[in-house]
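The next block holds one structure in the form of structure tokens; read it before the comments.
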Amino acid sequence: MLEHFPVLKDIQNKVKRLVGTVILWVLLTVGTGIVATQFIPDPTVVQYIVMGVGALLLVWWALLSWLIRNRLALEIQDLFAANQMIPFNFIRFKSSMPWNVSSNLEKLAKACVNEYKSLHEKARLSNQTLEKYVGTSVTERATKKALQSELGGELRRVYVLFSDVRGFTHMTEQLKPEETVEVLNKMFTAMEEVITQNGGDINKYIGDAIFAYFRRPYGNEGEAAKMVLRTAIRMHDRFELLNQTFKVAYSQEVKIGLGIGITAGEAIMGNLGSSNRMEFTLIGDTVNMASRLCGVAKHVQTLVNEEMAQVAKDYFELSALPPMQIKGKTEMQTPYVVQGERLGIAR
């Protein structure tokens, strides 16, 4: 690990040299004492010599220790400054006297801790802001792979849900702009709460529409499919409750409805855009079909594609509509209307 931190490696080398110097001085002191005992008959003189050498050793030790600690403090300061670990306005010291080396190191440590706390708080607030635009799951994914964000995607099994407000254009003609915004925000808040509580993720808001998706497991899909269609039913229920308040809360009576389209299939999930600006999204025929079904669905209707109908037919009452031409599809398509959940079936 030390090869990645030159300062730490240099400190390690200094400590090794310091230990070598101390050992050398100890050996010289002991050797001097032994030689003195051989040639100087007076033991008092020997004691003075040993004491003098010892005093020199202590002075050298103190001087060397101060020099190393001073150099260490300066290099730590340079390391922290180079990596923006201390505030830009931190008053940097050029040298430290023996009595304030520890004080300077303590100031460095406190400045580093305070800067870390400040950056951590800014990152937390940035993540909270980002979550409001792209959702919690996308923010977590971006945080974990911040250095690996690149264009491209992977093929994933998903359930795709589109919802759209019926009568929105007429409503905007009748209401004040701020009233229209308030209606949309209340509706989006309620719909998001239902979707996320049932395991879905909102990919984006498109005007008055919601584009959401759910993970589609392999194997037994019963529970996952039930959760998706229950989400649609609860969205209709919440919308109807809101709609009752919309009718009397604004300058004009609000007359809007909600249609939902759901598909089961595969989609490309990943980053789309340019190298300078990208967004996490899903693309593919499964997404397009969900959008088309949503466009066909009437108020209080949830339409699903044939693949979703096959997955959910044991759990929900479904009725097939007459085959119709869906924009973008060459063959006639048969949408299925979700009538409600079957009761009394143990699965």
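So here's what we get for this one:
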{"read-out": "Residue satisfying all of: in segment 291-322; of a type in the set (D, E, K, R) and not in a helix (DSSP H, G or I); nearest to Phe239 (Cα to Cα) among these", "value": "Lys298"}
{"read-out": "Residue list for segment 139-168, filter: in a helix (DSSP H, G or I) and either farther than 16 Å from Gly207 by Cα or modelled with pLDDT under 90 (or both)", "value": "Thr139, Glu140, Arg141, Ala142, Thr143, Lys144, Ala146, Leu147, Gln148"}
{"read-out": "All positions within segment 174-220 that are in contact with a helix residue (DSSP H, G or I) (Cβ under 6 Å, 6 or more places away or on another chain) and either outside the structural domain of Asp285 (by TED's automatic domain parsing) or among the polar types (S, T, N, Q) (or both)", "value": "Thr180, Asn198"}
{"read-out": "Subset of segment 272-295 [surrounded by 17 or more Cβ atoms within 10 Å (Cβ to Cβ) and either farther than 19 Å from Leu229 by Cβ or touching a strand residue (DSSP E or B) at 6+ places or on another chain (Cβ under 6 Å) (or both)]", "value": "Phe280, Thr281, Leu282, Gly284, Thr286, Val287, Asn288, Met289, Ala290, Ser291, Leu293, Cys294"}
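The values are calculated or read from the model by the stated rules, or taken from the named source; none is laboratory data. Here the structure is a predicted model, which is why all the values come from computation and not from measurement. Here the Cβ is made from the backbone with ideal geometry for all residues, glycine too, and neighbour counts use every protein chain on show.
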